[in-house]
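All remarks here apply to the structure that follows.
The values are calculated or read from the model by the stated rules, or taken from the named source; none is laboratory data. For clarity, every value in this text was computed on a predicted model and none was experimentally measured. FYI the Cβ positions are ideal-geometry reconstructions off the backbone, even for glycines, and counts take in every protein chain you see.
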2 protein chains.
Amino acid sequence: MEATTTMEATRRRISYDKLGMVAEIFSGLAHPTRLEILELLEDGGAYSVGQILKQIHIDPTLLTHHLTKMKHLGILRSSKQGRNVYYRLDMPEIRDVLECIQNCKIKI
Amino acid sequence: MEATTTMEATRRRISYDKLGMVAEIFSGLAHPTRLEILELLEDGGAYSVGQILKQIHIDPTLLTHHLTKMKHLGILRSSKQGRNVYYRLDMPEIRDVLECIQNCKIKI
DNA sequence: TAAACAATTGAAAACTTGTTCAATTATAAA
DNA sequence: TTTATAATTGAACAAGTTTTCAATTGTTTA
């Protein structure tokens with residue numbers, strides 16, 4: 001099969017800048033621990049670092065680094081209450097992506 | 001808002017292995033040039049390296065490296081015809097992801 | 001106020017990915 | 001059978017990410 005030789009006059013193109021931003025968000029998703037965190041936050045709830053740590057057994061410092069990265073990308077948002085910091089999803093599109101992961105059949 | 005304290009008896013969990021594979025695929029998408037290539041291949045057509053090069057102005061060696069990476073991840077598949085090598089999408093799920101990029105409003 | 005707790009900071013080390021370069025393979029055309 | 005074209009290989013370097021570590025901040029409880 002060949003590439004189309006007759007193509008629409010104006011080919012729709014996402015700007016390289018937008019592709020760059022989207023690529024950055026994908027790099028935010030490109031780590032199993034970060035996907036695990038997102039799976040936990042998928043329900044829309046706010047979880048403190050300590051609560052996340054009970055589900056995901058990694059070094060607290062490393063968890064903070066992962067959370068900070070996703071926060072800077074706009075994937076998560078945090079709020080402080082007493083000595084706890086609560087994180088929650090802040091990018092609704094991510095939920096679709098997570099749903100897609102659950103449904104799609106990638107051979108294991 | 002607090003995390004749910006009463007939660008379903010059995011929490012659905014994607015295995016860490018599957019999360020690892022999915023994370024690898026996301027890392028395949030985490031580069032603007034690779035997203036540009038995928039946007040071009042999204043129509044299902046097969047494009048030779050030369051044809052891709054006409055749309056995306058990068059060094060041919062670098063293009064091959066990007067294509068090879070996506071091929072190894074199972075995102076693309078290639079076939080040779082004469083001295084041309086044609087690449088095409090080989091992971092239908094990617095089309096949904098690309099559609100999502102086009103629709104979703106990420107502030108630029 | 002001191003001790004304990006929850007989370008973060010920033011720097012360094014370890015590791016992975018992206019880019020460039022020169023050389024190579026395979027096919028087609030002259 | 002030589003020359004040109006299409007694409008790839010692999011090594012070297014540059015850039016970026018992940019992990020670890022020691023030190024620190026802010027808040028609560030004793």
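Which condition does B:P60 not pass, out of (1) away from DNA strand C (no atom under 13 Å from the Cβ); (2) farther than 19 Å from B:F26 by Cα; (3) not hydrophobic (A, V, I, L, M, F, W, C), if it passes all the others?
Every listed condition holds for B:P60 apart from (1).
Here is a yes/no grid of residues against (1) closer than 19 Å to B:P32 by Cβ; (2) touching a Phe, Trp or Tyr at 6+ places or on another chain (Cβ under 9 Å); (3) within 14 Å of DNA strand C (Cβ to nearest atom):
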{"site": "A:K18", "(1), (2), (3)": "yes, no, no"}
{"site": "A:L29", "(1), (2), (3)": "yes, yes, yes"}
{"site": "A:L38", "(1), (2), (3)": "no, no, no"}
{"site": "A:D43", "(1), (2), (3)": "no, no, no"}
{"site": "A:Y47", "(1), (2), (3)": "no, yes, yes"}
{"site": "A:K69", "(1), (2), (3)": "yes, no, yes"}
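Checking the structure you have, find out if any residue of the range A:45-59 is in a loop (DSSP other than H, G, I, E, B), surrounded by 19 or more Cβ atoms within 10 Å (Cβ to Cβ) and under 14 Å from the mean Cα position of the chain (by Cα).
Initially, the range A:45-59 is screened for residues in a loop (DSSP other than H, G, I, E, B), giving A:45-46, A:56-59.
Remaining after also requiring surrounded by 19 or more Cβ atoms within 10 Å (Cβ to Cβ): A:46.
Filter once more, keeping what is under 14 Å from the mean Cα position of the chain (by Cα): none.
No, that holds for no residue.
Mind listing whichever residues of the range B:42-96 are among the charged types (D, E, K, R), within 9 Å of chain A (Cβ to nearest Cβ) and touching a Leu at 6+ places or on another chain (Cβ under 8 Å)?
Pass one, the range B:42-96, residues among the charged types (D, E, K, R): B:42-43, B:54, B:59, B:69, B:71, B:77, B:80, B:83, B:88, B:90, B:93, B:95-96.
Cutting the leftovers down to within 9 Å of chain A (Cβ to nearest Cβ) gives us B:43, B:88, B:93, B:96.
Once the filter is applied, which keeps residues that are among the charged types (D, E, K, R), within 9 Å of chain A (Cβ to nearest Cβ) and touching a Leu at 6+ places or on another chain (Cβ under 8 Å), the range B:42-96 yields only B:R88.
Can you tell which of B:Q51, B:Q81, B:Q55 is in contact with a Ser or Thr (Cβ under 9 Å, 6 or more places away or on another chain), polar (S, T, N, Q), more than 30 Å from A:P92 (Cβ to Cβ) and modelled with pLDDT of 95 or more?
Numbers: B:Q51 fails: in contact with a Ser or Thr (Cβ under 9 Å, 6 or more places away or on another chain); B:Q55 fails: in contact with a Ser or Thr (Cβ under 9 Å, 6 or more places away or on another chain).
Among B:Q51, B:Q81, B:Q55, only B:Q81 is in contact with a Ser or Thr (Cβ under 9 Å, 6 or more places away or on another chain), polar (S, T, N, Q), more than 30 Å from A:P92 (Cβ to Cβ) and modelled with pLDDT of 95 or more.
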